[in-house]
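A.B. asks: Attaching a single structure in structure tokens format; questions to follow.
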């Protein structure tokens, strides 16, 4: 349980948290959403104790014995030690291993016979003390699954795209994105009680994200994550907490549920606000009409007091909707790009080979694949900032191209302001349109006069992307354009791309963004380029079906096992064999019938327990629950007991299902 009680925090005149009370129950899976700067990262840091609150408290019972892990959003430096050694160090295993070795050395150093003048009992006591310490360390080591750690670590690292050759590399040899994966691997391997993840999907390719989602499904602790990936929040979150203008709104469901429920809440609130306005207007009219009439004085005073008690409801909404459009560029020829037998190698390392395709006017193409497969390399070659090792690229008639990558931010002039850098782009957009565009990309007010040199990496990337939006083009090559965009800005940018009349080639790990934008997918895998004519969902579906076909084909090619006849036994069953088999089937059926009956009872019990748990959590989440402190205490105790009962019930459910499977296989 993490209990936020009346917490408040402000920076200058900007309020981040305004008197929040929020009980976060055990095993919660929470997605934090809100505009950039709303306070999502700050909330994670207050839970960690890194940021001091202006008011209120954050209580975590038995905090000293609870492991809390935090993945920061910003890139961090890692000491130059081998990768596997670093993981062991961070998970506390190296210290335990050293402790075990030290105990072994000290025990081995004890004399078989005590020195002259020292009793046998003293040597024995020292040996007994060392052995007890050794047993304690071994118990902790086993609890941390130390003996299986290397196997688990390799599984996690491979899930994040690391190869066998990476396991002995020095950590400082990896790039920033891979270092963030290493930190995430540390968190998963340490198995904390509470996991706080700030943008965990930022540095993952789509396959690594899918692996992380499947891994976290079995995570037994509390998960609180900030993410701008809708698919990730839909799969992982069971609660969405929205931070907006100092207020907190909690929605019990995933991100898709949150979007629907938010619309309903806004509609209900607006209806209530209009009713309140009508009531206020009637009251004011009554006061104005009868304020000087002596016979109505008492009623007028009553209405005045009533009016003073009204707490006017603020109008809620989505804020001002901003729309941006790419300037209309010249019309290109029908064939925009022709690529023939393209190849790229760095020294002896081959990235891809024999890549051939053509792009037609108006197509929107995604380049996908695991990290290191060559997506960014191919985008740079198509963007003419890097030369291929072999092959041909030919542009079509009247093609005007713009290329964006994370490195584009390095091409900004640091001695200029944001506004000066924007004005540097030749465009038909007027000052107002440029300011609207800056606002859409989170540069508003006096921010536009900031020097480029003081901007963060994310702000520089947004500015570089914004400059492309001002250019008149008909071909866009975009490598990870949404990395530093929040949901709102990403939607604005996506709508602009949907209305763009030119051709788009896109590298992105945002699956929702790809799914609603592209109509062709090129997957780079094992040095080859495989085409899928559809959106991202079609690509996933087709890739899975192809994998199943390959597995089925591999199964058909396997040599069948030897028959009983080959072992010198009869291949035919006697009547007695058949009778015994029938009796065995009947016996297994009777066992299964009993197992099914018990399984049904366990499932019914789980449903009832989950219902009681939901009722308790609903009460704790009610803002008015603080009026019943005794009931809050009792509810906490009940929820703790329910958690144990539910866990035991699930264990029994697993035992029963496994027993049924064993019977069926028998």
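Every number in this text was worked out from the coordinates using simple rules, so none of it is lab data. All of these numbers come straight from a predicted model, not from anything done at the bench. In this analysis, Cβ positions are derived from the backbone assuming ideal geometry, glycine residues included, and neighbour counts consider all displayed protein chains.
A.B. asks: Given only helices, namely DSSP H runs of n ≥ 4 each adding -39500 (n - 2.57), what is the per-residue ellipticity at 222 nm of the chain, to the nearest 500 deg cm²/dmol?
C.D. replies: Here the helix-only value at 222 nm equals -15500 deg cm²/dmol.
A.B. asks: Expressed in nm to one decimal, what extension gain is obtained for the pair residue 282 and residue 150 from 0.36 nm per residue of sequence separation less their Cα-Cα distance?
C.D. replies: Here the segment from residue 282 to residue 150 would lengthen by 40.2 nm.
A.B. asks: Could you give the distance between the Cα centres of the range 160-225 and the range 440-511, to the whole Å?
C.D. replies: When both Cα centres are located, 27 Å separates them.
A.B. asks: How high is the relative contact order of the range 83-190, given as a whole-number percent (alpha carbon pairs under 8 Å, six or more residues apart)?
C.D. replies: Worked out over the range 83-190, it gives 41 percent.
A.B. asks: Using just the Cα positions, wrap the range 449-512 in a convex hull and report its mean projected area in square nanometres, one decimal place.
C.D. replies: So the Cα hull casts an average projection of 5.0 nm².
A.B. asks: Still on this structure, I have one more. Treat each spin label as a single point 7 Å out from the Cα along the C-beta direction, and report the residue 630 to residue 525 distance in nm.
C.D. replies: Reported label-point gap for residue 630 and residue 525 is 6.4 nm.
A.B. asks: Just to be sure I understand the model, the point goes 7 Å from the Cα along the line to the Cβ. What's the resulting residue 274 to residue 334 distance in nm?
C.D. replies: For residue 274 paired with residue 334, the spin-label model returns 5.3 nm.
A.B. asks: Please report, for the Cα atoms of the range 333-410, the Rg to one decimal and the Dmax as a whole number; what are they, in angstrom?
C.D. replies: Radius of gyration, then largest Cα-Cα span, for the range 333-410: 12.9, 38 Å.
A.B. asks: So, one more: Under the definition of Cα pairs under 8 Å and six or more residues apart, what whole-number percent is the relative contact order of the range 335-545?
C.D. replies: Value for the range 335-545: 29 percent.
A.B. asks: Tell me, what is the Rg over Rh of the range 83-190, with Rh the Kirkwood radius over Cα pairs?
C.D. replies: Using Cα coordinates only, the ratio equals 1.20.
A.B. asks: On to the next question. What is the antiparallel percent of DSSP beta bridges lying wholly in the chain, to the nearest 5?
C.D. replies: Close to 50 percent.
A.B. asks: Could you work out the relative contact order of the chain? I mean the mean sequence separation of Cα pairs under 8 Å and 6+ apart, divided by the number of residues, in percent.
C.D. replies: Relative contact order of the chain: 12 percent.
A.B. asks: Per Stokes-Einstein, at 37 °C and 0.692 mPa s, what whole-number D in µm² s⁻¹ belongs to the range 482-525, with the Kirkwood radius over Cα pairs as the hydrodynamic radius?
C.D. replies: Taking Rh from Cα pairs, D becomes 289 µm²/s.
A.B. asks: What translational diffusion coefficient, in µm²/s and rounded to a whole number, does the Stokes-Einstein relation yield for the range 184-339 at 20 °C and a viscosity of 1.002 mPa s, taking the hydrodynamic radius as the Kirkwood radius over Cα pairs?
C.D. replies: In µm²/s, the coefficient is 100.
A.B. asks: Average the reciprocal distances over every distinct pair of alpha-carbons in the range 335-545, invert the result, and give the Kirkwood radius in Å.
C.D. replies: 18.0 Å
A.B. asks: Using the alpha carbon gyration tensor of the range 390-509, what are the three equivalent-ellipsoid semi-axes (square root of 5 times each eigenvalue), largest first, in whole Å?
C.D. replies: For the range 390-509, the ellipsoid semi-axes come out as 24, 16, 15 Å.
A.B. asks: Using the Kirkwood radius over Cα pairs, work out the Stokes-Einstein diffusion coefficient for the range 260-309 at 10 °C and 1.306 mPa s, in µm²/s as a whole number.
C.D. replies: For these conditions, the coefficient is 128 µm²/s.
A.B. asks: Would you mind ranking 612, 181 so that the residue whose beta carbon has the fewest other beta carbons within 10 Å leads the list?
C.D. replies: So the ranking, lowest neighbour count to highest, is 612, 181.
A.B. asks: Moving on. With a point put 7 Å past each Cα toward its Cβ, work out how far residue 350 is from residue 59 in nm, to one decimal.
C.D. replies: Label-label distance for residue 350 and residue 59, simple model: 6.5 nm.
A.B. asks: Please work out how much length the chain gains when fully extended from residue 498 to residue 637, using 0.36 nm per residue of separation minus the C-alpha to C-alpha distance, in nm with one decimal.
C.D. replies: 44.8 nm
A.B. asks: To continue, here is another question. If you take volume of the Cα convex hull per residue in Å³ from the coordinates, which of [x] 274; [y] 324; [z] 234 do you get?
C.D. replies: [y]
A.B. asks: For the range 16-105, what is Rg from Cα atoms divided by 2.2 N^0.38 Å, rounded to two decimals?
C.D. replies: Compared with the compact-globule rule of thumb, the range 16-105 sits at 1.50.
A.B. asks: Sort 211-220, 464-473, 527-536 for me by packing, meaning the mean count of neighbouring Cβ atoms within 10 Å per residue, highest on top.
C.D. replies: Top to bottom by mean Cβ count within 10 Å: 464-473, 527-536, 211-220.
A.B. asks: Ranking request for peptides 484-491, 242-249: highest mean number of other beta-carbon atoms within 10 Å first, then the rest in descending order.
C.D. replies: 484-491, 242-249
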